[in-house]
Each structure stands twice: as structure tokens, then as C-alpha cells.
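The values are calculated or read from the model by the stated rules, or taken from the named source; none is laboratory data. Not measured: the values here are computed from a predicted model. Virtual Cβ from ideal backbone geometry, glycine too; neighbours counted across all protein chains shown. Note: areas computed on protein heavy atoms with side chains; ligands, DNA, RNA excluded. Shrake-Rupley method; radii C 1.70, N 1.55, O 1.52, S 1.80 Å.
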Amino acid sequence: MSSILGSIVARRMPLLHVGAVCAGFPSPADDFAARRIDLTEVLIAHPQATFLLRAQGWSMKDAGIGDGDMLVVDRAISPRHNHIVVAVVDGEFTVKTLYQRAGRIRLKPANPTFPDIVPRQGQTIEIWGVVTSCIKRFAA
């Protein structure tokens, strides 16, 4: 997990919304009624508590988070069991799934080649924020 890219600045990013896109067979019946959407409104509930971080590595690949993806992290959301969270483990940021049962926590990767992070005696783990979205870039 790499650096914090910054807090979300309230800035409109108008995009043309033309409806759903079929990932299977094309649907010629869709009309092309267009309206503009604001990604900030769609992706961010708490602008003052939301940050962008860039993922580094492949420990969350089975959750759809890959190396270089941009994560939208909301610090106003209380983390719960099975949330994907950004945690600080001994001063290092990591993104994992929060497992929280019977008063115990562990941080679970979404890649079987990585081990769970189970708090050890003297280790500090802070849940920093909850990942609400993942933004991927494709070669274009």
C-alpha cells in the first residue's frame, strides 16, 4: 500500500451517463437518453473524511484490487466484519478484509498466497478507514 494521494476535493467531474452497458450480449433496445453524473456524488458519502490511496501489490487481487488501483477510503465509516479496510500495522499501511469475531480481529488478504495478519503481543494495528470503491485504469 503506498502513499495517500490526498483528500477528495469537491470538484465536479461531469460525465455523460447513457445507461447500463451489457457485459454479456449487446442490448440494442437501450435508448440513449443522456444525463450528466458527478463521480464525487456517486463515490463519496463523506468528502471531508474521504481519501484516495493507491494500492501496491497483489494481496487483494481476488477482491478486485490490483497493483496501481486507486482506492476510495472513507474514514467516517465504522469498520465492520468483512469490510475491506486500510489498516496501519506497525506504522505501515495495508489493505485487507477485516475479520472481526468474538472480540478478536485479523486482517485477511484476498489472495491465498498471502498470510492473514493476526495481531501479536506488542504489535499495533489501527483500522485507518473503510475502502468504498476501487478505481482501475486500463491501457487506452
Note to self: For the structure I just gave you, tell me whether ILE65 is of a type outside the set (Phe, Trp, Tyr), in contact with a Phe, Trp or Tyr (Cβ under 9 Å, 6 or more places away or on another chain) and farther than 24 Å from LEU43 by Cα.
What the structure shows: no
Next item on the list: Scan the range 81-108 for residues that are part of a loop (DSSP other than H, G, I, E, B) and over 9 Å from VAL130 (Cα atoms) and report the count.
Entry: 6
Item checked: Test for VAL85: is it within 17 Å of the chain's Cα centre (by Cα) and surrounded by 12 or more Cβ atoms within 10 Å (Cβ to Cβ) -> yes
Note to self: Just to confirm my filter: which strands (runs of 3 or more DSSP E) fall fully inside the range 1-67 and include at least 2 residues that are open to solvent by 50 Å² or more (accessible area, probe 1.4 Å) and either at pLDDT below 60 or not basic (Lys, Arg) (or both)?
What the structure shows: 4-7, 14-17
Notebook entry, point to check: From the set of residues in the range 88-119 that are under 21 Å from GLY57 (Cβ atoms) and of a type in the set (D, E, K, R), which is surrounded by the fewest Cβ atoms within 10 Å (Cβ to Cβ)?
Noted result: GLU92
